[in-house]
Amino acid sequence: MIHTKRLATPYIVWMVLFTVVPLGIVFYYAFTDSITGQFTLENIVRIQSYMPIFIKSIWLALISTLVCLIIGYPVAYYIAQCPPSRQRLLYLLVMLPMCISFLLRTMAWVSLLDDTGIINRFIQAMGMKPLPLIRNNGAVVLGMVYNYLPYMILPLYSVILKIDSRLIEAAQDLGCNSPQVFTKVIFPLSMPGVISGFTMVFVPAVSTFYISQKLGSSGTTLIGDVIESQFKAAYNPNLGAALSLILMVLVFICIGITRRVSGTEEVAMP
Amino acid sequence: MKRLCALLLCSVLLISSIPVSASAAGGSINVYNWGQYISDGSDGYIDVNKAFTEKTGIQVNYMTFDSNESMYTKLKTGGSTYDVIIPSDYMIAKLISEGMLEKLDYSNIPNYRYIDKAYRDQAYDPKNEYSVPYTWGTVGVIYNSKYVDEEDVGSWDLLWNPKYSGKILMFDNPRDAFAIGELKLGYSLNTEDKDDLRNASYELIQQKPLVQAYVMDQIFDKMEREEAWIAPYYAGDYLLMAEENPDLKFFFPEEGFNLFIDACCIPKGCQNKEGAEAYINFLCSPEISGENLDYLGYSTPISKAKDFMDPDISASDIAYPTEETLANGQSFLNLSVEANHEMDALWLQVKTQGGVDSYAVWSMIALVVLLIAYLIFRQIRRKRRIAARCARWKTDSRD
Amino acid sequence: MKTFQRSFTYLVLLFLYIPMLVLAVASFNAGTDPAVWKGFTLHNYSELFADGVLLPMLLNSVIIAVLSSLIATVLGTMACLGMHDMKPRLRNMYMTVTNIPMTNPDIVTGVSLALLFAFAGTLLKMKSVLGFTTLLIAHVTFSLPYIIMSVLPKLSQMDPDLQEAAMDLGCTPRQAFFKVVLHEIMPGVISGALMAFTMSLDDFVISYFVYGPKFVTLPVEIYNYTKKPLQPKIYALFTLLFMVILLVMIIMTVLEAKDEKQQSQRRIAFRGRRKRKEVEG
């Protein structure tokens, strides 16, 4: 294979131009003033007032990711144990929602959860008072879990599939009962999938802006909302860039921590 | 199988090579207007854009924005290939001061003569060098008479009434929202005083827990469906909503309200200035203005257009309030750069208010502490295990 | 335990599909509110096809998805072939760059690209930068890591001697590449390309920051629609898309199953032939 190394050059040029350079520009905008264009730390200082929003975003994203993990793990495990034809069908069914407009699916939840929505109309028809199902943190978590559950199930499934069943048998032969088999054999072996799933859910969840806009109250503003409004409603790209920078650093730290805790560097692809 | 894939690929590529935007013989214009702000043929009313294309052969690419500020941002961040934009009075003043508008060539807009003198030469564009009025209107409060008691209506205070908590909507743009706060406190709509602005923002922050959502055009669905019961909005849109839900009523608050004019302009960098001027001219013809605004419910600046309107509308005192009512209305002026900045910053504060529940903060801290403890614990355990293994190896090798 | 897992899985699947059911039912609703059933009608579908705006947007989305996934597949496969041969240190550097768009939140990627284009606009003194090209560039950029993640494992799983074996049997290096290497990594290339296509078709966040007024994709247009009073023809569009994608996926799965069956039968036949030769010979 002569000259194959050079094949990768156009790719690296593209990536540097459209991934590394933009990040540099974000850096530049974050540290400049919006009117005069001079170097300033003012944007970074203003971020202090958004700390509650950062914390809220991380908090909600963490809860959503945990819920996704708790719900997604049994599903992934079950699918991995099915016969291959059923596996394929279930895999398809799980992946299908991912391919179709998540905006409209979120709007469907609005119709379901609204005070005058489907669920509440049903409840009222039965004679009970309507429940406040929407415009609170719970609805936002529901929206996040709903949208990102497939991203948790698929990597878990592909990793659990590869676990050698003989290891499980060996553990059982050596006297482990079911919970022990799970905690000592299956779960540790599926760690790469857990990490991958965690990353693929947490990162979008912490930076979403659409779900909180539609399902949250006027008080659930998340960091994604603030960034979006800086670029679309008010025109302050410098503040938006500063917020994006902090968000990026945050995500980086969180991923680093999860890798440390799990003790593995591998990442599984769904 | 391979050949099938290749065939599929080729056909897709072929289809995708067909140009997407069909350029008509007469060219095209990009129009950027408020949402729900032109008669589009629904309910049997006129389709203005289609009528224009039929008359002139020019294709209309129609796009909408939901607030002056987001339109301004769109213009600023490039993609300014719009030929006609229809912002509000104060925004036009801002665009003129920043040199973002083209001067109009009135030889292409003869229908300008139909615009009433009362709406010409306004403060935002004296001599109308850059804009031609499209509609004028007022802001008031829409409420659902089924759920709101009549004794609570009459003042802006209704929007702060805790009895209707969670059923109140609010404007999602700074000027309109601050205007309500300022009017409630008795200030002018155009105050630039920092303390005034701050006090208005405090009012808005106090209102926030009662607000269901900050909306613009989503208001139609919410009020018609009775998801919300009270909302400040434009009089013309009230008339549209009342057709869907007859329980909805409207009032002008006693403290005053905003009176606005929306006008057509041509931004710098447009591609088809002549087509744009033809469009503006078309909108000014009395027949079109009448039929268009008959549907919209907003008020026409062309008296002759009333001949083409449903007499119910032209007689409505909501669409065309009396002189006495109008005296209570104030128009927006463009604020100075510093005042705009201050208002934007305060508005962001209002929108992002809503602190974190303290338990969230404490559980986060607890989580972090637990994490660090766990990592340290693991580190210690690993060291002990290695030490034990080393000791065992030493004793083994001695045997 | 097994039954609990099974019922739990089906419950979760139901949870995933309820909103889609709501939208599908709403597409046949005569009223605009999905919560209030006003009678069965096909009016929304006829409005969808009469509307001259939504379907061209869908075409736009498909065009961008096809073009961007093609470009990304070519670039990405070339990159994988190059990376495969590299020393670990250089390869790690490439992998770090690859990981950046994947671990970055969508909004940061969108914002950074928007700023890049704005910067380029001021540099080139162009007022209107955002448009088809910027959208295409953005889509290719976020698709590339997925291609690489799909193809690279296949390349490392491939037996390195296969190519030499092919050349020993008389192939030119070029033939060896196309007939052997490409064939081996083809499953990875295809799955990567499909993944890129799907992500591009449904991408909203990144497109929202880099699109121009003349070329709008479907998800962005849907977002603009949700800011206005809802029109039921959107639900009709959704239901149609859902049916089409479901159909395509079912066909693909059936084809894949057939392919696998064929391959396993071929393997059995081959082994049978070899056994016979052993016995005879």
Inset, instruction - For an R0 of 60 angstrom, estimate the FRET efficiency from the Cβ-Cβ distance between B:TYR374 and B:ARG113 and round to the nearest 0.05. - result: 0.15
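Given the -39500 (n - 2.57) contribution per DSSP H run of 4+ residues, what per-residue ellipticity at 222 nm results for chain A, rounded to the nearest 500 deg cm²/dmol?
-22500 deg cm²/dmol
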Legend entry - Antiparallel content of DSSP bridges confined to the protein assembly as shown, in %, to 5: 60 percent
Legend entry - Residues in the stretch B:138-179 that a label on A:LYS129 would reach, taking backbone N under 16 Å of a point 7 Å out along Cα→Cβ: B:163-167
Inset, instruction - Take the alpha-carbon centre of the stretch B:216-272, take the same for the stretch A:94-173, and report the distance between them in whole Å. - result: 36 Å
Inset, instruction - In nm, give the distance between the simple-model label positions of C:ASN224 and A:ARG260, each being 7 Å from the Cα along the Cα-to-Cβ direction. - result: 4.6 nm
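About the Cα centre of the protein assembly as shown, how large is the charge dipole given +1 on each Lys and Arg Cβ and -1 on each Asp and Glu Cβ? Please answer in debye to the nearest 20.
On the way: 80 positive and 86 negative charges, 1463 e Å.
Dipole magnitude for the protein assembly as shown comes out near 7020 debye.
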Legend entry - Check: chain A dipole with +1 on Lys, Arg Cβ and -1 on Asp, Glu Cβ, in debye: 340 debye
Inset, instruction - When a/c is below 1.5 the answer is rounded, else prolate if a/b is larger than b/c, else oblate, so apply that to chain A with a ≥ b ≥ c taken from the square roots of the Cα gyration tensor eigenvalues. - result: oblate
Inset, instruction - Give the distance, in whole Å, between the Cα centre of the stretch A:13-69 and the Cα centre of the stretch C:111-180. - result: 28 Å
Legend entry - Folded to 0 to 90 degrees: helix C:88-103 orientation relative to chain C principal axis, Cα: 20 degrees
Inset, instruction - Would you mind telling me which residue in A:LYS56, A:LYS214, A:LYS184 has the biggest mean-square fluctuation in a Gaussian network model of chain A, where springs connect alpha carbons within a distance under 10 angstrom? - result: A:LYS184
Legend entry - Residue with peak Gaussian network fluctuation, chain C [Cα springs, cutoff 10 Å], from C:THR96, C:THR73, C:THR226: C:THR96
Inset, instruction - Sort C:41-51, B:192-202 for me by packing, meaning the mean count of neighbouring Cβ atoms within 10 Å per residue, highest on top. - result: B:192-202, C:41-51
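Computed FRET efficiency, Cβ-Cβ of A:CYS176 and B:GLN330, R0 60 Å: what is it to the nearest 0.05?
With a Förster radius of 60 Å, E is 0.15.
For the stretch A:9-135, rounded, prolate or oblate, judged on the Cα gyration tensor with a ≥ b ≥ c (square roots of eigenvalues), a/c < 1.5 rounded, else prolate if a/b > b/c?
Oblate.
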Legend entry - the stretch C:53-229 shape via C-alpha gyration tensor axes, a/c threshold 1.5: prolate
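Run the dipole for the stretch A:106-227 about the Cα centre, Lys and Arg Cβ at +1, Asp and Glu Cβ at -1, nothing else charged, and hand back the magnitude in debye, nearest 20.
Numbers: 7 positive and 6 negative charges, 38 e Å.
Value, rounded to 20: 180 debye.
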Inset, instruction - Sort out for me the Cα centre separation of the stretch B:300-356 from the stretch C:30-98, rounded to whole Å. - result: 41 Å
Legend entry - Label-point separation in nm, A:PHE252 to B:ALA315, each point 7 Å along Cα→Cβ: 7.1 nm
Inset, instruction - Using only Cα atoms, find the angle between the long axis of helix B:194-207 and the longest principal axis of chain B, and express it within 0 to 90 degrees, rounded to the nearest 10. - result: 70 degrees
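Based on the Cβ-Cβ distance of C:PHE178 and A:LEU189, what FRET efficiency does E = 1/(1 + (r/R0)^6) give at R0 = 35 Å, to the nearest 0.05?
For C:PHE178 and A:LEU189, the calculated efficiency is 0.35.
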Inset, instruction - Show that you can apply the helix-only estimate: for chain B, add -39,500 (n - 2.57) for every DSSP H stretch of four or more residues, divide by all residues, and state [θ] at 222 nm to the nearest 500. - result: -13500 deg cm²/dmol
Legend entry - Pair C:THR3, C:ARG267: separation of 7 Å Cα→Cβ label points (nm): 3.6 nm
Legend entry - Furthest towards positive pole of dipole, B:PHE220, B:TYR234, B:GLN207, structure part the stretch B:173-240, Cβ charges: B:GLN207
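Quick note: the coordinates plus some simple rules give every number you see, no bench work behind them. If you're wondering where the values come from, they're calculated on a predicted model, not measured in any experiment. With ideal geometry, Cβ positions are generated from the backbone for all residues, glycine too; neighbour counts draw on all protein chains shown.
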